[in-house]
Amino acid sequence: MKNSPLGFQSIKVIALAATDVARARRFYSETLQLEEDHEATDEVGYRIGNAVLVIRQHPPTDDPNPRITLQVQDARETEKGLIERAVTISDPVKLYEDKFWVGGFLDSEGNKLWFCSYA
């Protein structure tokens, strides 16, 4: 794996806004079944590989930045699982460049997250 000139290696922390932190915690822990992280930060966090997703008390913006994409094993299966959990699919899974399956969903606070897998 090649290092970037500034030493960037991977995503460590992703911060998302929440108007209702308790509702967001239920979404990430119960609906998405992510493991809570109590060591990386003193904020509410959920472990995704080596990264931590942090939930902060703040309203989401209409133009979320940066775009967060989560790598998954099979995006089409992930989409089915999200639908079964009544998660809003903002962007149905589509094939891009004959290489990636990519889709998007909204969390409990209206933040858009993307997910992808290799085709």
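Worth a mention:
- For the stretch 19-56, a tally of residues being at pLDDT 85 or above and over 22 Å from residue 78 (Cβ atoms) returns 4.
- Test: residue in the stretch 20-42 that is in contact with a Leu (Cβ under 6 Å, 6 or more places away or on another chain), among the aromatic types (Phe, Trp, Tyr) and part of a helix (DSSP H, G or I): yes
- Single residue of 69, 78, 88 found to be under 25 Å from residue 119 (Cβ atoms), among the β-branched types (Val, Ile, Thr) and buried (at least 17 other Cβ atoms within 10 Å of the Cβ): 78
- Residue in the stretch 92-101 that is touching a residue at least 40 places away in the same chain (Cβ under 8 Å) and assigned to a loop (DSSP other than H, G, I, E, B) present: no
The values are calculated or read from the model by the stated rules, or taken from the named source; none is laboratory data. In this text the structure is predicted, and so the values were computed from the model without any measurement. So basically every Cβ, Gly included, is an ideal-geometry build from the backbone, and we count neighbours across all protein chains shown.
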